[in-house]
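A.B. asks: Can you keep this structure in mind? I'll have questions shortly.
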Amino acid sequence: MEDQDIITLYWERSEEAIRATAEKYGGYCAAIIRRVLGDGRDSEECLNDTWLGAWNAMPPQRPRRLPPFLGRIARNTALDRFDYNAAQSRSGCTAVLEELAECVGGDPAGEDFDLRRLGEAISAYLDTVSPECRRVFLRRYWYCDTVQEIAAGYGFTQGKVKSLLHRARKGLRAYLIEEGYDL
């Protein structure tokens, strides 16, 4: 079934939309969730919460591209569960987020900390780097892939991946400071 047909099913409030979504994108969303949580029953529950999130979001939203829309819901659902469980020892995602925190910093609990603005700034920064660097950055910090997995996936050495990530974090930090973030 085509993505636009699936979206139409959501807008028609047909339960067939969830079945079609799970059939076509179940593996994709499950992989995103596993990167954050690891294997376990939490992953399956987050996958079901992803379908519920899609059901609740459409309508009013009509995504132009369904995979990133579902991926965002899956990732946010898994991160919420990760925070809830305080499962720092269960996943390599903690180390990845700590890496990124070095260049992002800030206090999300602070009143003047705007996560949406920060996300837009990070996206704007990624528009300034090479496609190769952008892909590596997203694989590491969005999908929580290991350096080894990224290297194998793109045919790079681990050293090249580490170097790209280091330069990207350094560049992001400089970009955010230039944008007015107090890091």
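A.B. asks: Given Thr77, Thr128, which one is closer than 29 Å to Glu2 by Cα, modelled with pLDDT of 75 or more and hydroxyl-bearing (Ser, Thr, Tyr)?
C.D. replies: Answer to the check: Thr77.
A.B. asks: Being closer than 21 Å to Ile6 by Cβ and of a type in the set (Val, Ile, Thr) is the filter here; which residues of segment 30-74 pass it?
C.D. replies: Listed by number, the residues that qualify are Ile32, Ile33, Thr50, Ile73.
A.B. asks: Going through segment 29-49 one residue at a time, which ones are touching a Lys or Arg at 6+ places or on another chain (Cβ under 9 Å) and of a type in the set (S, T, N, Q)?
C.D. replies: Across segment 29-49, the qualifying residue is only Ser43.
A.B. asks: Six or more apart or on different chains, Cβ atoms under 8 Å: show the pairs whose first residue is in segment 45-64 and in contact (Cβ under 8 Å) with a residue 60 or more places away in the chain and whose second is part of a loop (DSSP other than H, G, I, E, B) and loosely packed, with under 14 Cβ neighbours inside 10 Å.
C.D. replies: From residues that are in contact (Cβ under 8 Å) with a residue 60 or more places away in the chain, there are no pairs.
A.B. asks: In addition: Please work out which residue is surrounded by the fewest Cβ atoms within 10 Å (Cβ to Cβ), limiting yourself to segment 116-125 and to residues that are modelled with pLDDT of 85 or more and under 15 Å from Cys103 (Cα atoms).
C.D. replies: Ser123
A.B. asks: Moving to a separate point now. Take the residues in segment 150-183 that are among the hydroxyl-bearing types (Ser, Thr, Tyr) and outside any helix (DSSP H, G or I); name whichever of them is surrounded by the most Cβ atoms within 10 Å (Cβ to Cβ).
C.D. replies: Of everything passing the filter in segment 150-183, Tyr181 is surrounded by the most Cβ atoms within 10 Å (Cβ to Cβ).
A.B. asks: Would you please list the contacts, defined by Cβ atoms under 7 Å and residues six or more apart or on different chains, that run from a residue in segment 8-21 that is free of Cβ contacts under 8 Å to residues at least 60 places away in the same chain to a residue that is part of a loop (DSSP other than H, G, I, E, B) and crowded, with 17+ Cβ neighbours inside 10 Å?
C.D. replies: If the second residue must be part of a loop (DSSP other than H, G, I, E, B) and crowded, with 17+ Cβ neighbours inside 10 Å, the pairs left are Tyr10/Met58; Trp11/Met58.
A.B. asks: Go through segment 132-141 and count every residue that is closer than 26 Å to Ile33 by Cβ and surrounded by fewer than 16 Cβ atoms within 10 Å (Cβ to Cβ).
C.D. replies: 1
The values are calculated or read from the model by the stated rules, or taken from the named source; none is laboratory data. Note that the coordinates shown come from a computational prediction; the quantities given were computed from them, not determined experimentally. Neighbour counts run over all protein chains shown; Cβ positions are idealised from the backbone, glycine included.
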